[in-house]
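Here the structure comes first, spelled out in structure tokens, and everything after it is commentary.
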Amino acid sequence: MLSSAHGFIVNVETIGFLAAFLTTASFAPQVVLTWRTGGRQLSWAMLVLFGAGVGLWFLYGAIERSGPIMLANALTGLQVLAIGWIKLRAALAARPD
């Protein structure tokens with residue numbers, strides 16, 4: 001769908017995909033930091049709540065058939081799973097035998 005804003009033709013889906021890219025890419029440094037620190041700076045509660053929110057946004061995008069919303073939240077969901085795995089691995093490694 002095209003819309004006109006101040007004489008410019010703008011593809012609304014392009015704006016959505018650009019927003020999806022930027023918000024998803026902004027989370028990548030957190031994955032790197034979590035890898036380096038073992039995720040000690042993140043609470044499990046925040047991670048679970050954030051992951052649930054991302055999952056619901058993905059579901060909303062699927063219901064609305066919005067590619068940008070689905071893409072952004074699928075990729076962010078993968079990053080949340082990676083952070084959870086890193087935190088769990090670090091927690092298990094820190095346990096005394």
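Each value in this text was obtained by applying a stated rule to the coordinates, not by laboratory testing. Every value quoted in this text rests on a predicted model; they were computed, and no experiment measured them. When we count neighbours, we look across all protein chains shown, and the Cβ atoms used for this are built from the backbone with ideal geometry, even at glycine.
Once both axes come from the Cα atoms, what is the angle between helix 44-64 and the longest principal axis of the chain, in degrees from 0 to 90, rounded to 10?
30
Quick check: residue separation of Val32 and Ala52 times 0.36 nm, minus the Cα distance between them. What number comes out in nm?
That pair, Val32 and Ala52, stretches by 5.1 nm at full extension.
Below 8 Å, C-alpha to C-alpha, sequence gap of six or more: please give me the relative contact order for the range 8-97 in percent.
Dividing the mean separation by the residue count of the range 8-97 yields 40 percent.
Among Trp57, Met70, Leu92, flag the residue with its Cα farthest along the positive direction of the charge dipole of the range 32-97, charges on Cβ as +1 for Lys/Arg and -1 for Asp/Glu.
Leu92
How many nm is it between the label spots at Ala19 and Ala90, if each spot is 7 Å from the Cα in line with the beta carbon?
3.2
For the chain, take the alpha-carbon Rg, divide it by the Kirkwood Rh, and send me Rg/Rh.
1.14
Under a point-charge model restricted to the Cβ atoms of Lys and Arg (+1) and Asp and Glu (-1), what is the dipole moment magnitude of the chain relative to its Cα centre, in debye to the nearest 20?
Here the size comes out at about 400 debye.
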